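Quick notes on the structure that follows.
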Amino acid sequence: MAEDLKVAAGTKEEQFLGLLPQIKALLEGERDLVANMANFVAALKEQFNFFWVGFYLVKEDELVLGPFQGPIACTRIRKGRGVCGTAWEKAETIVVPDVEKFPGHIACSSLSKSEIVVPVFKEGSVIAVLDVDSSELESFDEIDQRYLEAMVKLINW
Ligand code: SME
């Protein structure tokens, strides 16, 4: 049985460093993808208390909502639309300090103020994106980018 998450204190980097091995351990004994995505987003939400953390999965020509933690969200996003669809199209991480200044941002909740979206690659293609939303402006930077990009790779896609 999985142990409780030990929420790490300290700077953002220290928190990520505390969380990384725990996520690794959490994913190691399980090969079911939905179970792993579900625990992954729960662990991130618990550590940082982000407003919304979730995966969208590439299904045919759209992103479809996957496991998430937070308020209900839009279920389908087209390629190139919003932050998620743009991260998919460009196949790169997008950091949005102020969602109101991102043209085409999809507001699933008016409480979301800043956002980071990290693409997940398999065999060179984007197969999913991790979306993390904050209720505060400018919550994300290159530290989040670096650790979140490393963390999504821990899931056996
Ligand atoms: N804001 C995202 C949509 C997903 S929700 O925020 C959960 C976007 O613009 O792609």
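The values are calculated or read from the model by the stated rules, or taken from the named source; none is laboratory data. What you see is a predicted model; the values in this text were computed from it and never measured. Cβ atoms come from the backbone with ideal geometry, glycine included; neighbour counts cover every protein chain shown.
Things worth noting here:
- Residue check for E13: assigned to a helix (DSSP H, G or I), under 15 Å from A150 (Cα atoms) and among the acidic types (D, E): yes
- Residues that are near the ligand (Cβ under 8 Å from one of its atoms) and either of a type in the set (A, V, I, L, M, F, W, C) or assigned to a loop (DSSP other than H, G, I, E, B) (or both), drawn from segment 97-118: V99, F102, G104, H105, I106, A107, C108, S109, S112, V117
- Checking G124 against (1) under 21 Å from E13 (Cβ atoms); (2) away from the ligand (no atom under 16 Å from the Cβ), the condition it does not meet: (1)
- R78 touching a residue at least 24 places away in the same chain (Cβ under 8 Å) and over 27 Å from A9 (Cβ atoms): no
- Candidates L63, L26: the one that is touching a residue at least 60 places away in the same chain (Cβ under 8 Å) and surrounded by 15 or more Cβ atoms within 10 Å (Cβ to Cβ) is L63.
- Residue within segment 65-79 that is of a type outside the set (S, T, Y), under 20 Å from E136 (Cβ atoms) and out of contact with any Gly (no Cβ under 8 Å at 6 or more places or on another chain) present: yes
- Checked against the criterion of being at pLDDT 95 or above, under 30 Å from G29 (Cβ atoms) and near the ligand (Cβ under 10 Å from one of its atoms), segment 140-153 has no qualifying residue.
- Applying the condition of being more than 27 Å from S139 (Cβ to Cβ) and not charged (D, E, K, R) to segment 8-33 and asking which residue is farthest from the chain's Cα centre (by Cα) yields G29.
- Selection count, segment 73-91, where residues are in a loop (DSSP other than H, G, I, E, B) and near the ligand (Cβ under 9 Å from one of its atoms): 3
- When I94 is tested against (1) surrounded by fewer than 16 Cβ atoms within 10 Å (Cβ to Cβ); (2) within 10 Å of the ligand (Cβ to nearest atom); (3) among the β-branched types (V, I, T), only condition (1) is not met.
- Test: residue in segment 131-154 that is out of contact with any helix residue (DSSP H, G or I) (no Cβ under 8 Å at 6 or more places or on another chain), over 28 Å from T11 (Cα atoms) and free of Cβ contacts under 8 Å to residues at least 40 places away in the same chain: no
- Subset of segment 29-60 that is free of Cβ contacts under 8 Å to residues at least 24 places away in the same chain and of a type in the set (G, A, S) - its residue that is surrounded by the fewest Cβ atoms within 10 Å (Cβ to Cβ): G29
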